[in-house]
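Each reported figure results from applying straightforward, stated rules to the coordinates on display, with no laboratory input. Bear in mind the structure is a predicted one, so any value in this text is a computation, not a measurement. Cβ coordinates were reconstructed from backbone atoms using ideal geometry, including for glycine residues, and neighbour counts include every protein chain displayed.
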Amino acid sequence: MSEILQNSYQWLKALHVISVVAWMAGLFYLPRLFVYHAEAVSTSGETHTLFQTMERRLLRAIMNPAMIASWIFGLLMVATPDRIDWSQGWPWVKLVAVLGMTWFHMWCARTRKTFEAGTNQKPGRYFRIMNEVPTLFLIIIVVMVIVQPI
């Protein structure tokens with residue numbers, strides 16, 4: 001198994017990056033939809049239904065598969081022998097940031113359900129602030145992987 005992982009490592013890395021890019025696109029866009037949904041849409045009517053459809057499809061058709069693929073390809077890369085030195089700090093910081101990104105994904109899923117139920121009480125400003133969270137995780141992850149400062 002380790003020989004297969006070694007021989008396919010570059011492909012795993014490419015597929016991981018592609019998956020992460022798709023996941024990040026959704027993590028940036030869904031909270032932006034929440035901003036517009038909270039600020040400009042009543043809790044009923046055609047526009048409300050349209051936003052619900054857009055939010056649901058983005059989460060289920062793009063974000064969920066991209067997150068799952070990111071985790072699978074990432075874990076396969078981690079399982080590849082002699083690629084990561086776990087005695088260094090950067091892989092642990094990256095792991096915490098990836099767990100944070102996954103938490104944010106779950107937060108998006110729970111928030112979507114509040115809009116679906118018509119029970120959202122948060123203003124658009126709240127979602128504008130939350131929209132910055134994945135950017136912070138992205139910066140941490142990229143710096144840890146590329147620069148490996150610790």
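Looking only at residues in the range 112-150 that are in contact (Cβ under 8 Å) with a residue 40 or more places away in the chain and among the basic types (Lys, Arg), which one is nearest to Arg57 (Cα to Cα)?
Arg112
In the range 56-81, which residues are exposed (fewer than 14 other Cβ atoms within 10 Å of the Cβ) and touching a residue at least 60 places away in the same chain (Cβ under 8 Å)?
Ala79, Pro81
For the subset of the range 1-34 comprising residues that are hydroxyl-bearing (Ser, Thr, Tyr) and surrounded by fewer than 19 Cβ atoms within 10 Å (Cβ to Cβ), which member is nearest to Glu55 (Cα to Cα)?
The residue in question is Tyr29.
Quickly run through the range 40-55 and pick out the residues that are exposed (fewer than 15 other Cβ atoms within 10 Å of the Cβ) and not polar (S, T, N, Q).
Listed by number, the residues that qualify are Ala40, Gly45, Glu46, Leu50.
Here is a check on your reading of the model: is Met144 buried (at least 16 other Cβ atoms within 10 Å of the Cβ), within 19 Å of the chain's Cα centre (by Cα) and closer than 19 Å to Tyr29 by Cα?
No; evaluated as a whole, the condition is false for this residue.
Would you mind telling me which numbered condition in (1) over 16 Å from the mean Cα position of the chain (by Cα); (2) closer than 18 Å to Gln148 by Cα Val41 fails?
Among (1) over 16 Å from the mean Cα position of the chain (by Cα); (2) closer than 18 Å to Gln148 by Cα, Val41 violates only (2).
So, in the range 85-106, of the ones that are without any contact (Cβ under 8 Å) to a residue 40 or more places away in the chain and surrounded by fewer than 15 Cβ atoms within 10 Å (Cβ to Cβ), which residue ends up nearest to Ala61 (Cα to Cα)?
Once the filter is applied, the top-ranked residue is Met106.
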